[in-house]
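The structure appears below as structure tokens.
The values are calculated or read from the model by the stated rules, or taken from the named source; none is laboratory data. Note that the coordinates shown come from a computational prediction; the quantities given were computed from them, not determined experimentally. Virtual Cβ from ideal backbone geometry, glycine too; neighbours counted across all protein chains shown.
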Amino acid sequence: MKMCKTIVLAAAVFLLSLCVSACGNTGQAGAGSPAAKAEESDAEVSPQAPEQEPAEFQPEDVQEALEAQSDTDIEADAGLQANIDAHTDTADPKENTDPAETAATAVSAEPAEEPAEAPAAPSLLYMGQGSLRIVTGEGKVIYIDPYSGDGYDLPADLILVTHGHYDHNGLDLVQSRSEDCRIITQNEALAGGEHQSFDLGYVRVEAVEAGYNQNHDVKACVGYVLTFSNGRSVYVTGDTSTTQQMPLLAEKEIDYAFFCCDGVYNMDAAEASKCAEMVSAKHNLPYHTSAKNDGYNFDRDVAEQFEADNRIILAPGEEITVE
């Protein structure tokens, strides 16, 4: 486009010079006509002014014209660029956005997820002797050593048995059971001669040592540590005296620990108190406090002899929340 303008300008300058030259020639023809000669004879002859030469076309003129046109083109280009810039500024931001920034914006625009609700705390019912019923935060029902009490009306999801003695193995009392009810006795818990663990989702069950006296063989008895979905844990000793594993249980930071202490078939309250010190649970509870077969096997006097930090004494039928 600039080349065309330059050619047109040069042609215009050339035509202008031709016009100037033609005008000069016309003046000369008028002076030589007959009328002019007659007037010259009557009038005094006066010296004639020198004839003006037509303006000579100089290259400098073309250069100046070209420079002027160049300035005009630059201004036009600048205006065009400004128009482009203005259009770019008003364009849809989506067309001029970095994909990474777009992705980041999309992520930040999403609403934050609400924190998951914490699982409800289990409830624990003491039914007498070594019998416990636990209802987890998910509504699962666990019975441990069924024998005493009247709280067997809820359908069982899990039944735990520490050993085979009749006062810990009353499975017939649990008539109502869920379709997938699981029963874990000392036989499953000691499979292959090793203490086993069972992860059922709503609870993790770990078998631990029990026995160590003439009435209870360590190879036929277990205790259990149960850990629930809310993170709280419960330890039941089962029938036992002091075990070699008890000092190691302190590492588990158990929340609630039940210690048998009848003093007839198992350790007494004094020995159970020492065991509680070794286990170092946050809360300590005496159970299996009597050898009397009165349906509940609970002796408050023996329970009071059990000394431990954060002691809790539960009578049969009383309930706590595992939190």
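Taken over the range 177-216, the residue count meeting the criterion of being in a strand (DSSP E or B) and within 28 Å of Gly263 (Cα to Cα) is 8. All of Gly170, Gly149, Gly164, Gly139 fail the test of being within 14 Å of Glu319 (Cα to Cα) and not assigned by TED's automatic domain parsing to the domain that holds Ala207, apart from Gly149.
Within the range 184-193, does at least one residue satisfy the condition of being over 24 Å from Gly317 (Cβ atoms) and either touching a Gly at 6+ places or on another chain (Cβ under 8 Å) or aromatic (Phe, Trp, Tyr) (or both)? Checking the range 184-193: at least one residue is over 24 Å from Gly317 (Cβ atoms) and either touching a Gly at 6+ places or on another chain (Cβ under 8 Å) or aromatic (Phe, Trp, Tyr) (or both).
Restricted to the range 284-323, and to residues there that are in contact with a Cys (Cβ under 7 Å, 6 or more places away or on another chain) and of a type outside the set (S, T, N, Q), the residue that is surrounded by the fewest Cβ atoms within 10 Å (Cβ to Cβ) is Val302.
The selection criterion, being small (Gly, Ala, Ser) and buried (at least 20 other Cβ atoms within 10 Å of the Cβ), holds for Ala156.
Comparison of Asp172, Asp150, Asp157 shows that the only residue that is part of a loop (DSSP other than H, G, I, E, B) and charged (D, E, K, R) is Asp150.
Looking only at the range 190-235, residues that are touching a residue at least 12 places away in the same chain (Cβ under 8 Å), charged (D, E, K, R) and more than 29 Å from Gly139 (Cα to Cα) come to 1 in all. Residue check: is Ala281 buried (at least 23 other Cβ atoms within 10 Å of the Cβ), at pLDDT 95 or above and not β-branched (Val, Ile, Thr)? Yes: the conditions hold for Ala281.
Under the condition of being of a type in the set (A, V, I, L, M) and part of a loop (DSSP other than H, G, I, E, B), which residue from the range 217-231 is surrounded by the fewest Cβ atoms within 10 Å (Cβ to Cβ)? Full working, then the answer.
Going through the range 217-231, the residues of a type in the set (A, V, I, L, M) turn out to be 218, 220, 222, 225-226.
If we keep only those that are part of a loop (DSSP other than H, G, I, E, B) as well, we get 218, 220.
Working: Val218: 17, Ala220: 15.
Applying the filter and picking the extreme gives Ala220.
Considered as a group, the residues in the range 232-274 that are aromatic (Phe, Trp, Tyr) and under 20 Å from Val218 (Cα atoms) include one that is surrounded by the fewest Cβ atoms within 10 Å (Cβ to Cβ), and that residue is Tyr265.
Please count how many residues of the range 136-155 are over 23 Å from Asp239 (Cα atoms) and under 41 Å from the mean Cα position of the chain (by Cα).
First, the residues of the range 136-155 that are over 23 Å from Asp239 (Cα atoms): 136-140, 153-155.
Filter once more, keeping what is under 41 Å from the mean Cα position of the chain (by Cα): 136-140, 154-155.
Summing the residues that are over 23 Å from Asp239 (Cα atoms) and under 41 Å from the mean Cα position of the chain (by Cα) in the range 136-155 gives 7.
So for the range 219-234 (the condition being of a type outside the set (A, V, I, L, M) and more than 28 Å from Asp153 (Cα to Cα)), does at least one residue qualify?
yes
Could you tell me which numbered condition Gly295 fails, if it satisfies all but one of (1) over 28 Å from Lys140 (Cβ atoms); (2) modelled with pLDDT under 95; (3) not polar (S, T, N, Q)? Only one criterion is unmet by Gly295, namely (1).
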